[in-house]
There are 2 protein chains.
Amino acid sequence: MGEPVLREPRQERSRVTRQRLLEAAVSCLAELGWAGSTVGLVAHRAGVSRGAAQHHFPTREELFGAAVEYMAEIRSAEIRARLAQPPSAVSRTELVVDAMVQMYAGPLFRAALQLWAAASSDAALKERVVPLEVRVGRVAHRTAVELLEVDESKPGAREAVQATLDLARGLGLANLLTDDGKRRARVVREWARMLDRELAEAGTRPG
Amino acid sequence: MGEPVLREPRQERSRVTRQRLLEAAVSCLAELGWAGSTVGLVAHRAGVSRGAAQHHFPTREELFGAAVEYMAEIRSAEIRARLAQPPSAVSRTELVVDAMVQMYAGPLFRAALQLWAAASSDAALKERVVPLEVRVGRVAHRTAVELLEVDESKPGAREAVQATLDLARGLGLANLLTDDGKRRARVVREWARMLDRELAEAGTRPG
């Protein structure tokens, strides 16, 4: 059963506080937008003091940037875990495309969109968000390449994966104000079919 | 040379004022976001009085909604005109995909994104923006179907066109904070190649 783990109570408490702040920050940003999302409100929702929040994240920009990045890592890990034992009825490509697209249909995407929109008219925020966008984009790209089992050295393969993520972002945007689930499912099915054939024919799949 | 046109000076002045307000509204929204975009500022930029602006658009929501819709119509008309005599060196599909994608890479998309982002956390604004999104989406879809010369009754054809527009939106988002032009060109070329084959094989093209 392994060795018993000795926890540092203070360190563990700090980790939990940090995580609750990050989760509250994403849901706050997704619901209220940048203008309505203050550190005080996030601290209140997370059930911690404002001082504790500022201890973890000295600025508002750091809190919300870290929140979007953290949630992107969590969602990617969830998708990998879920697809480790995929059901066999649907094509692997469709499962992966659908999983990537779902990532952009929920609160994480809403939160990121609010941050991106605010950054586009705020130079100081933009300076922080641009490198964050690069890191989050890399996580999504790596996840897609790994799950689609693509050999990126084959011509067109890298662009086909990127197109899948650009499509996912576009579908996320179409889901922002209304539930676009039905239409999205049809678009995902068609794209998965096109992508599957492309990857098979280009010899970008191992074996 | 046709009959001389008798202009109603007042009516013509009113049309010009309206147009200047709509253009100023789009650039204002694209640059400053929803929070920074007031009717007063737009009137100032358009060189008209605040009263004149309010005569044309009684509320802020009406002004910015009308601006995004107007610019979408203008851009669609421009694309149709530009592709009426296309150069022959590039495939028709790539030209059309590129033109649609360009529509989402400029100030119109930035403005629309700011409006959508604000609407997602503002119920009153959302009520106005949802029908606007439907109308603007229809204009883009009709333009793409017409230019790609697609028969939408063929299986998958409608979804392939929709996917192209979702991709365009996603690429627009990727271009919000940084110039994504180089990567975008590669993704567009790959997408056009896949779409071209798909449309040809599905028999969705006339003749």
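Listed by position, the helices (runs of 4 or more DSSP H) inside the range B:50-122 whose residues that are surrounded by 17 or more Cβ atoms within 10 Å (Cβ to Cβ) and within 15 Å of the chain's Cα centre (by Cα) number at least 1 are B:60-82, B:92-103, B:107-119. Please find, within the range A:151-167, the residue that is surrounded by the fewest Cβ atoms within 10 Å (Cβ to Cβ) out of those that are closer than 12 Å to B:Trp191 by Cβ and acidic (Asp, Glu). Among them, the one singled out is A:Glu159.
Taking each residue of the range B:110-122 that is farther than 11 Å from B:Leu132 by Cα and looking for partners that are open to solvent by 20 Å² or more (accessible area, probe 1.4 Å) and of a type in the set (Phe, Trp, Tyr) with beta-carbon atoms closer than 6 Å, six or more apart or interchain, yields B:Gln114/B:Trp34; B:Ala118/B:Trp34. Among the residues making up the range B:102-125, a single one is over 18 Å from B:Ala25 (Cα atoms) and charged (D, E, K, R): B:Asp122. Every condition in (1) assigned to a helix (DSSP H, G or I); (2) modelled with pLDDT of 95 or more; (3) farther than 17 Å from B:Ala117 by Cβ holds for A:Arg128 except the one numbered (2). In the set (1) surrounded by fewer than 23 Cβ atoms within 10 Å (Cβ to Cβ); (2) in contact (Cβ under 8 Å) with a residue 24 or more places away in the chain, A:Pro131 fails one condition alone, (2).
The set of residues in the range A:164-194 that are more than 8 Å from every other protein chain (Cβ to nearest Cβ) and either outside any helix (DSSP H, G or I) or of a type in the set (A, V, I, L, M, F, W, C) (or both) comprises A:Asn175, A:Asp179, A:Asp180, A:Ala185, A:Val188, A:Ala192. Condition (residue is among the hydrophobic types (A, V, I, L, M, F, W, C) and more than 11 Å from every other protein chain (Cβ to nearest Cβ)) applied to the range B:111-121: is it met by at least one residue? Looking through the range B:111-121, none of the residues is among the hydrophobic types (A, V, I, L, M, F, W, C) and more than 11 Å from every other protein chain (Cβ to nearest Cβ).
Filter the range A:195-207 down to residues that are open to solvent by less than 30 Å² (accessible area, probe 1.4 Å) and free of Cβ contacts under 8 Å to residues at least 60 places away in the same chain and give me whichever is farthest from the other protein chains (Cβ to nearest Cβ). Among those that are open to solvent by less than 30 Å² (accessible area, probe 1.4 Å) and free of Cβ contacts under 8 Å to residues at least 60 places away in the same chain, it is A:Thr204. Note on the range A:134-175: residues that are among the acidic types (Asp, Glu) and free of Cβ contacts under 8 Å to residues at least 12 places away in the same chain amount to 2. Restricting attention to the range B:15-28, the residues that are open to solvent by 40 Å² or more (accessible area, probe 1.4 Å) and under 16 Å from B:Arg50 (Cβ atoms) total 2.
Quickly run through the range B:36-49 and pick out the residues that are of a type in the set (Val, Ile, Thr) and open to solvent by 60 Å² or more (accessible area, probe 1.4 Å). Scanning the range B:36-49 gives a single hit, B:Thr38.
A residue that is acidic (Asp, Glu) and within 7 Å of chain A (Cβ to nearest Cβ) cannot be found anywhere in the range B:141-156. B:Asp151 falls short of the stated requirement of being touching a Leu at 6+ places or on another chain (Cβ under 7 Å) and among the acidic types (Asp, Glu).
The values are calculated or read from the model by the stated rules, or taken from the named source; none is laboratory data. Quick caveat: nothing in here was measured; it's all calculated off a predicted structure. Cβ sites come from the backbone with ideal geometry, for glycine too, and all protein chains shown count toward neighbours. Heads up: the accessible areas ignore ligands, DNA and RNA and are worked out on the full protein's heavy atoms, side chains in. Shrake-Rupley method; radii C 1.70, N 1.55, O 1.52, S 1.80 Å.
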